[in-house]
Amino acid sequence: MCEDKTPEVELQDKPGMSNTVNGLVSETAKLFGAMSTVLLTTVEDLSNVVVIKVDGETRENLDLLVEVGAAKSRREAAVSLLREGITAQHATLERVRRTKAQISELRQQMRSLVEVHGT
């Protein structure tokens with residue numbers, strides 16, 4: 001039979017070795033904690049990203065706002081115009097929210113009705 005000729009290595013606790021290992025483990029844990037915070041922040045930031053394609057006239061208007069100094073960038077101009085549009089349509093958006101809530105309530109009532117008669 002084949003004998004295992006792997007040399008045995010005896011680990012000896014050298015002075016300060018356990019402190020070094022504990023420090024390494026502690027710093028690694030801190031690093032992973034910091035990385036998870038960065039990743040969560042990045043994911044949250046990405047959830048606010050909206051990519052849209054605009055026509056030439058819209059792009060020209062965004063560029064005009066940047067050119068005259070009303071906005072620092074196309075992004076800033078677009079965000080400003082979106083906010084203004086949402087503000088201008090506030091009443092309509094509120095009606096849409098109420099209607100959506102009513103539809104959700106009706107769906108729940110239908111599910112309850114089906115569950116009662118279905119079982």
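What follows draws every value from the coordinates through simple rules; no lab data is involved. On a predicted model such as this, the values are computed, not experimentally measured, just so you know. Because the Cβ atoms are built from the backbone with ideal geometry, glycine has one as well, and the counts that use them run over all protein chains shown.
Would you kindly calculate the translational diffusion coefficient of the range 61-119, applying Stokes-Einstein with the Kirkwood radius from alpha carbon pairs, for 37 °C and a viscosity of 0.692 mPa s, and quote it in µm² s⁻¹ without decimals? Display every interim value, and only then the final one.
Numbers: Rh = 14.7 Å.
Here the translational diffusion coefficient equals 223 µm²/s.
List every residue whose amide H lies under 5 Å from the amide H of A71, counting only residues 5 or more places away in sequence or on a different chain, with H placed 1.01 Å from N in the peptide plane.
V66
To the nearest 500 deg cm²/dmol, what mean residue ellipticity at 222 nm is calculated for the chain from DSSP H runs of n ≥ 4 alone, each contributing -39,500 (n - 2.57), summed and divided by the residues? Numbers along the way, then the final one.
Values: 4 runs with 86 residues, N = 119.
Rounded to the nearest 500, the figure is -25000 deg cm²/dmol.
What order, most packed first, do the peptides 26-32, 43-49, 61-67 have when packing is the mean number of other Cβ atoms within 10 Å of each residue?
On the way: 26-32: 10.0, 43-49: 7.9, 61-67: 15.0.
Highest to lowest by the protection proxy: 61-67, 26-32, 43-49.
If you line up the long axis of helix 90-118 against the longest principal axis of the chain, both from Cα atoms, how many degrees apart are they, to the nearest 10?
The angle comes out near 70 degrees.
Nearest 20 debye, what's the magnitude of the dipole of the chain about its Cα centre given +1 on Lys and Arg Cβ and -1 on Asp and Glu Cβ?
On the way: 15 positive and 18 negative charges, 179 e Å.
Approximately 860 debye in magnitude.
Taking the 0 to 90 degree range and rounding to the nearest ten, how far is the long axis of helix 74-88 tilted relative to the main principal axis of the chain, both from C-alpha atoms?
50
Short version: what are the Cα gyration tensor semi-axes of the range 12-119, square root of 5 times each eigenvalue, largest first, in whole Å?
Values: eigenvalues 467, 254, 22 Å².
That gives 48, 36, 10 Å for the three semi-axes.
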